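Data first, discussion second: the structure below is written as structure tokens.
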Amino acid sequence: ESHVDLEKALRAEAQVRGQKRLAVYDLDAVEQYRIVALILSEALREELLKLRLFHLVNRENIVKVLEEMALQQTALVDEKEAVKAGKGLAVQQIVLGRYGTLGKLSILQAKRLEVETQSDLAIGSLKCEAGREDELLHHMAELAKEISREK
């Protein structure tokens with residue numbers, strides 16, 4: 001029952017400010033790229049926060065809910081599980097993504113989903129030459145704007 005009260009309070013707080021509550025999950029990546037993915041995830045959160053279009057749920061709350069649900073970060077590849085966790089965070093939308101390499105390219109893909117309908121709202125990606133991942137940081141604001149757009 002207290003969980004339901006918390007969810008209502010969080011929704012009301014976001015509505016007062018006229019912003020949708022958004023959870024940005026850490027980018028999924030194989031172990032070898034986990035640190036790079038975490039850095040890029042934080043950079044994406046920062047750029048989305050700067051846009052002031054959403055009320056972002058902090059990463060610690062996301063981790064707490066995932067632990068309560070007994071999910072590992074790697075299990076978030078499954079969108080349905082991510083959506084389920086989003087409901088537990090009382091968010092209307094979530095951002096999921098992947099970071100990896102394909103041949104000589106490093107690719108970051110992200111998309112924003114509506115929690116209630118599980119529909120895609122926006123999708124975007126960044127690419128760079130493998131080993132030049134710092135270039136992705138220079139274009140993170142563009143990606144944030146791209147995945148923030150309404151259809």
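Just to verify a number: FRET efficiency for L53 and S125, C-beta to C-beta distance, R0 = 25 Å, to 0.05?
Details: r = 20 Å, r/R0 = 0.80.
Computed FRET efficiency for L53 and S125: 0.80.
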Less than 15 Å Cβ to Cβ from A144, Lys/Arg counted +1 and Asp/Glu -1: what total charge do the surrounding residues give? +2
Net charge near V36: determine it from the other residues with C-beta under 13 Å of the C-beta of V36, scoring Lys and Arg +1 and Asp and Glu -1. -4
In order through segment 101-110: 3J(HN,Hα) via Karplus (6.51 cos²θ - 1.76 cosθ + 1.60), integer Hz, x for Gly, Pro: 10, 9, x, 9, 10, 9, 10, 10, 10, 9
When the Karplus curve 6.51 cos²θ - 1.76 cosθ + 1.60 is applied with θ = phi - 60°, which whole-Hz ³J(HN,Hα) does each residue of segment 25-42 get, with x for Gly and Pro? 6, 4, 4, 6, 7, 5, 3, 4, 10, 4, 5, 4, 4, 5, 5, 5, 4, 5
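Relative to the present Cα-Cα distance, how much length would full extension add between I39 and E114 at 0.36 nm per residue of separation?
Result: 24.5 nm gained on full extension.
Every read-out reported here was derived from the displayed coordinates using simple, explicitly stated rules and does not represent laboratory data. Please read all numbers here as calculations on a predicted model, not as lab measurements. Cβ: placed from backbone, ideal geometry, glycine included. Neighbour counts: every protein chain shown.
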